[in-house]
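Trainee: Sharing a structure below in structure tokens format, with a few things to ask.
The values are calculated or read from the model by the stated rules, or taken from the named source; none is laboratory data. Note that the structure is a prediction, hence the values are computed from the model and not measured. Cβ placement follows ideal geometry from the backbone for every residue including glycine, while neighbour counts extend to all protein chains displayed.
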Amino acid sequence: MNTVLIRHWSAFNKALETRDITCDLDGKTLDLATVVAGARYGKGVSLSQTTREQVCRSEAALKKHLADGELVYGVNTGFGGSADTTTRAVNKLQENLLQMLQAGIKVDGSIPLAANKQNENILPLDDPTSATIMPESWTRATMIIRLNCLALGASGIRQSVLDVLLQMIEHHITPMVPLRGSISASGDLNPLSYIGGAMQGHPSIRVWKRDRDLDCQVQGADLALAESSIPPVRLDAKEGLAIVNGTATSAAVGALALHEALGLAAVSQVLAAMSVEALHGMSESFDPFFARVRPHLGQMTAANNLNGFLSKSKLLNNGDALMPGSLRQDRYSIRTSAQWTGPILEDLELAYQQISAELNSVTDNPLIDTTGDRARILHGGNFQAKSVTSAMEKARQAVQSMGRMLFAQCTELIDPSKNNGLPPNLSADEPSISFTFKGVDILIAALQSELGYLANPVGSHVQTAEMGNQALNSLALISGRYTLEAVTVLSQMAAAHLVSVCQALDLRVLHLQFMRALQHDFVKIFDESLKVQTVPSKDHLTLSRKVWYAFSKQIGQLQSVDSCNRFHEAARAILPVLLTELSPPNVSSSVIQSWINRLGSQAVDLYRRTLEAYCRSPDASPYLGEASRKMYAYVRQSLKIPFITEETLWRPTDPSGKQCGEAVAPPLPTMGDVIGMAYDAIRRGSLYMVAVECIGNVEQEVAKSDTSLKRYRSDERMSKI
């Protein structure tokens, strides 16, 4: 799976770096990276010169069969359940096909709707454009894929038709296509008919038209084509059918969804490693032995990634310092993350293979085979998009499973009964008045519930359509749409988890720095106040360690108590230990009580100084593993997402405009705004790059290890010789 991920992102980065043309389309070599780069980043494509000869052969073969008087479905017959009709008006037939299919509902404000004067000021339920029209990137991806499929030369259409579609892509003329209305049976007839209509210069089909700077205007297709000197298509035999009868829209949405799912799979693995560190978990769960005795390839990949991510971490629990009463092993959310992630990676790899094959498939009907001595026209069902549905159902289930893992990890970070000593609600301030991440806990519960609903299969809801002819229909586009919706939800959850786990890592490091400083003070106070001449130095050291253990354990268990009381309570809790170990002849109870009071006060003062110093310059990087360090640095330095305290979030101001308790009110965000910064980085793709780089680093280390092992074995063989 790492190979697929790294290869895809390498190709994607290369496509983004290309100044103009990213790919010569030949019907055989289009990849997912090119589709995403062309659809979302405006990168161009071209037609391979090798395709022109085959396209011409296909066109000539179709015309010969028609001249010989053959009946060819959709060329001189009707369509679907009406294929029992025949006609000689083959051009008019193609025009009427597109007219018949353009039945999708789209509201873009260009056509005045009937108005009820009593309700003309009523607020809409949704944004009409986004609610009824596909995003521009979906349609642009559709156009690239459809052009590639037609370029293979098995559809019987003229080269000039392909040239018009290519010019529209080059000039960034993208039709507004209805969001709903396709069952992806005889391909995505409804949405593709609007692309065909735009190619014809239909004035009522509106398009987005972008200039070289990608500034956009909306206008009719006729004007857009004319301004770009693109001749409108006049449909000839089969050309309308060749345009609409295919899976390009399903494949386009599926490709865009899969690209995001692959990126989120990389991010979720890094987040899992960060969660292990933040929860002070153990790396032994990812020991290679587990995968050797349970050799699932996905589990091997995930465990190897997590092992590499955690390399050099100073926050892991190696088991040596386990206290009595502590869990000997981590909870499932991190301990079984490799076993949980493994099948997800395997499903996504299979989905990648399915979508990649679909990008280079001819999916209209009938098809023209010119490979033999005599060209054949074959009637079949390559337009049935079940392969895309299969890929999307797997991808959407994978998205839900990723969300379930992140949800479990994030809730454990926030819950003081499960987070191994972190403050409740990941609050850096006093827990009695600050509940920093409690709202996040509620947010991710809502998101995960929605992911659970979206994970339900779409392909099981097939209805018979079109006079009973389309009794099997894939619903691939609907499945792709819901997968992209699930990706949006998971992206928000991943953003919330990322902000939470960076906060948790800071709090873990803050606590570690405080406890190390406190232990130094503790030893000094213990030696000064409770030095007992009659107790041997060896026993004195043992007693010091025993008391420190009891004190530090109490501090970890009292995270829900404000700092002014927490350390005094923790100090008082060790009184039974001292009274048991020190009998009155050796030391008086007043001395013990004085020492306890001093210890509590010293701890309170030290904690406040440590917190203030850390808040001025928070940096957990020196303590983190390889991947966590890279992701943490990106979050704190590149995205400027801060360590959250009551000073970093907005609070009400007094009437003078000053912040309550502050001199001036700075423009501070809400917690949702902070998470939104991480979400935006995911949607822009920059966070994926960081996660994929982490996986690439692991692969490089594995390659080095393999090379060293081969060299060692070679040297060993030579020494035996």
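Trainee: Could you tell me whether S228 is surrounded by fewer than 24 Cβ atoms within 10 Å (Cβ to Cβ), in contact with a His (Cβ under 7 Å, 6 or more places away or on another chain) and small (G, A, S)?
Mentor: Yes: the conditions hold for S228.
Trainee: Determine the pairs where a residue that is within 17 Å of V55 (Cβ to Cβ) and in contact (Cβ under 8 Å) with a residue 60 or more places away in the chain, located within segment 215-243, has a partner that is small (G, A, S) and assigned to a loop (DSSP other than H, G, I, E, B) with Cβ atoms under 7 Å apart, the partner being 6 or more residues away or on another chain.
Mentor: K238/G74; K238/G156; L241/G74; A242/S155; A242/G156
Trainee: Could you tell me whether any residue of segment 615-623 is at pLDDT below 95, surrounded by fewer than 17 Cβ atoms within 10 Å (Cβ to Cβ), of a type in the set (S, T, Y) and out of contact with any strand residue (DSSP E or B) (no Cβ under 6 Å at 6 or more places or on another chain)?
Mentor: Yes, there is a match, as at least one residue in segment 615-623 is at pLDDT below 95, surrounded by fewer than 17 Cβ atoms within 10 Å (Cβ to Cβ), of a type in the set (S, T, Y) and out of contact with any strand residue (DSSP E or B) (no Cβ under 6 Å at 6 or more places or on another chain).
Trainee: Among helices (runs of 4 or more DSSP H) lying entirely in segment 125-208, which contain 1 or more residues that are within 18 Å of K106 (Cβ to Cβ) and under 26 Å from the mean Cα position of the chain (by Cα)? Outline the logic, then answer.
Mentor: Details: elements: 128-132, 136-151, 159-170, 189-199.
In segment 125-208, the matching helices (runs of 4 or more DSSP H) lie at 128-132, 136-151.
Trainee: Can you name the condition, by its number, that K438 falls short on among (1) without any contact (Cβ under 8 Å) to a residue 60 or more places away in the chain; (2) touching a Lys or Arg at 6+ places or on another chain (Cβ under 8 Å)?
Mentor: So the condition that K438 fails would be (2).
Trainee: While we're here: Under 6 Å between Cβ atoms, which residue pairs at least 6 apart in sequence (or on different chains) link something in segment 533-556 that is within 17 Å of V604 (Cα to Cα) with a partner that is of a type outside the set (A, V, I, L, M) and at pLDDT 80 or above?
Mentor: Matching pairs, first to second residue: W548/F522; G556/G421.
Trainee: When the residues of segment 526-557 are filtered to those that are in a helix (DSSP H, G or I), among the aliphatic types (A, V, I, L, M) and surrounded by 15 or more Cβ atoms within 10 Å (Cβ to Cβ), which remaining residue is modelled with the highest pLDDT?
Mentor: First pass over segment 526-557, keeping only residues in a helix (DSSP H, G or I): 526-529, 537-557.
After this cut, where a residue has to be among the aliphatic types (A, V, I, L, M) as well, the list is 541, 543, 547, 550, 555.
When the remaining residues are screened for being surrounded by 15 or more Cβ atoms within 10 Å (Cβ to Cβ), the result is 543, 547, 550, 555.
On the way: L543: 79, V547: 85, A550: 86, I555: 89.
Ranking the qualifying residues of segment 526-557, first place goes to I555.
Trainee: What single numbered condition from (1) assigned to a helix (DSSP H, G or I); (2) free of Cβ contacts under 8 Å to residues at least 12 places away in the same chain; (3) in contact with a helix residue (DSSP H, G or I) (Cβ under 7 Å, 6 or more places away or on another chain) fails to hold for L447?
Mentor: All conditions pass for L447, except number (2).
Trainee: Still on this structure: Could you give me the residue pairs with C-beta distances under 8 Å whose first residue belongs to segment 372-391 and is within 30 Å of L348 (Cα to Cα) and not assigned by TED's automatic domain parsing to the domain that holds S186, whose second residue is surrounded by 11 or more Cβ atoms within 10 Å (Cβ to Cβ) and of a type in the set (D, E, K, R) wherever it lies, and which are 6+ apart or on separate chains?
Mentor: Final answer for the pair search is N382/D364; F383/D364; A385/D188; A385/E358; S387/E358; V388/E358; A391/E358.
Trainee: State yes or no: is A476 assigned by TED's automatic domain parsing to the domain that holds S401, under 30 Å from G380 (Cβ atoms) and crowded, with 19+ Cβ neighbours inside 10 Å?
Mentor: Spelling it out, A476 is indeed assigned by TED's automatic domain parsing to the domain that holds S401, under 30 Å from G380 (Cβ atoms) and crowded, with 19+ Cβ neighbours inside 10 Å.
Trainee: Then there is this: So if I check each of G298, G246, G281, G263, which one is touching a Leu at 6+ places or on another chain (Cβ under 9 Å), farther than 30 Å from V161 by Cα and in a loop (DSSP other than H, G, I, E, B)?
Mentor: Details: G298 fails: in a loop (DSSP other than H, G, I, E, B); G246 fails: farther than 30 Å from V161 by Cα; G263 fails: in a loop (DSSP other than H, G, I, E, B).
Only one candidate passes the filter, namely G281.
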